[in-house]
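The values are calculated or read from the model by the stated rules, or taken from the named source; none is laboratory data. What you see is a predicted model; the values in this text were computed from it and never measured. Every residue, glycine among them, receives a Cβ derived from its backbone with ideal geometry; neighbour counts consider all protein chains shown. Only protein heavy atoms, including side chains, enter the accessible area calculation; ligands, DNA and RNA are left aside. Shrake-Rupley method; radii C 1.70, N 1.55, O 1.52, S 1.80 Å.
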Amino acid sequence: MGYGGKAASQGKMGSGGILERKYMLIWAGIAFCASGMVAVLFYNSPWGLCSLPAAFILTGRVLKDQKRKHQLAQLSLEFKDYLYAINGLLLAGYSIERAFLGGLWDVEQLHGTECILAKQLGAMEQRLNLNEPIENILRDFAETSSCEDVKNFVEIFCYAKRSGGDFTYIIMTASGRICDKQEVIKEIHTVMAEKALEQKVMCVVPLGILLFFRMTSPEFIGKLYGNLLGVIVMTAALFLYSAAFFLGMKLVEIEV
């Protein structure tokens, strides 16, 4: 079995189902805890658990967004190593098609057969054996990956393949730009780490204050529970807190 067949079969036989179930359990657990917190701190009533559907939807959006960004960052790292491997094989005299296949095997050795790149390019060898142009395979990969680095490279590569060009120079330039981009992202994350920590602390502080009053001075805050006016006030406070929470998350996220 070749590079592509091996990657495709191992991708199907992997632990994706287990990881997906674990992800769903974490998602449901966070949503339930958030709903329970709302019921206890904001309404002091089991009726507050009615917020579970909203908490489930919002938690899902946050987790999916974080998962997508993590996958894109991991794919960009794998793709950079992939380009370095391809360039080395081209310098060794490999053809374009064999270089792309050999580079995929090198990435599997470095990042494992379950890496994102191997899963998305697992059928490459089969498609090449059917005489499908490498450009079509790369275009499908770029569309599936939704990664800007991959899309930019594929666009340049396909143009150079049609008109003729120095593939070694193109690949080295693309890998260099991806490497520079990753360095910039690391620097931004280093600079923003303190602000991100402050944002997380500020998100916890209002809940901590509310819990403090509930435990130390229940009569001080008791009038906000068990009546219509209190429900309105606490619902408005919950909406404001949620809006500030998501706004704070957006402010500390800077994409390059």
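Placing +1 at every Lys and Arg Cβ and -1 at every Asp and Glu Cβ, with all other atoms neutral, what dipole size does the chain have around its Cα centre, in debye to the nearest 20? Display every interim value, and only then the final one.
Details: 25 positive and 25 negative charges, 158 e Å.
For this selection, approximately 760 debye.
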Loop chymotrypsin sites (Phe, Trp or Tyr not before Pro), the range 207-244 (other Cβ atoms within 10 Å of the site Cβ: 16 or fewer; DSSP): Tyr225
Entries in Lys64/Lys186; Lys119/Lys181; Lys67/Lys151; Lys22/Lys181 that, when Cα-Cα distance is taken, lie over 30 Å: Lys22/Lys181
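Explain nothing, just the number: relative contact order of the chain, from Cα pairs under 8 Å at least 6 residues apart, as a whole percent. Provide the component values of the computation, followed by the final result.
Details: 198 pairs, mean separation 56.9, N = 256.
Across the chain, relative contact order equals 22 percent.
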Relative contact order for the range 32-148, counting Cα pairs under 8 Å that sit 6 or more residues apart, in percent: 19 percent
Point-to-point label distance, Arg21-Val233, nm (Cα→Cβ direction, 7 Å offset): 4.8 nm
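Kirkwood-based Rg over Rh for the range 38-142 (C-alpha set), two decimals? Write out the running numbers ahead of the final one.
On the way: Rg = 21.8 Å, Rh = 16.7 Å.
On the Cα set of the range 38-142, Rg over Rh gives 1.31.
Kirkwood Rh, Cα Rg: Rg to Rh for the range 140-221?
On the way: Rg = 24.7 Å, Rh = 17.2 Å.
Taking Rh as the inverse mean 1/r over Cα pairs, Rg/Rh reads 1.44.
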Hits among aspartates and glutamates - C-alpha to C-alpha of Lys195 under 16 Å, sequence gap 8 or more where chains match: Glu187, Glu253, Glu255
Degrees separating the helix 52-91 axis from the principal Cα axis of the chain, which is the longest one: 20 degrees
Cα-based reach from Lys200 at 18 Å (exclusive), listing lysines while leaving out same-chain residues under 8 positions away: Lys250
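If you roll a 1.4 Å probe over the heavy atoms of the protein chains, what accessible area per residue do you get for the range 110-153, in Å²? Walk me through the intermediate numbers first.
Numbers: 2220 Å² over 44 residues.
Per residue, the range 110-153 has an accessible area of 50 Å².
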Apportionment of accessible area to carbon and sulfur, the chain, percent (1.4 Å): 66 percent
Per residue value of the accessible surface for the range 16-65 (all protein chains in place, 1.4 Å probe), Å²: 63 Å²
Heavy-atom accessible area ranking, 1.4 Å probe, most first, across Asp65, Asp140: Asp140, Asp65
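Under a 1.4 Å probe, what is the accessible area of the range 182-256 per residue, stated in Å²?
Numbers: 5570 Å² over 75 residues.
Counting only protein heavy atoms, the per-residue value for the range 182-256 is 74 Å².
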On Cα atoms only, tilt of 96-111 relative to the major axis of the chain in degrees: 40 degrees
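Over the range 104-208, what relative contact order in percent results from Cα pairs under 8 Å that are six or more residues apart?
Numbers: 35 pairs, mean separation 14.3, N = 105.
The normalised contact order for the range 104-208 reaches 14 percent.
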In degrees, nearest ten, helix 228-251 long axis to first principal axis of the chain (Cα): 30 degrees
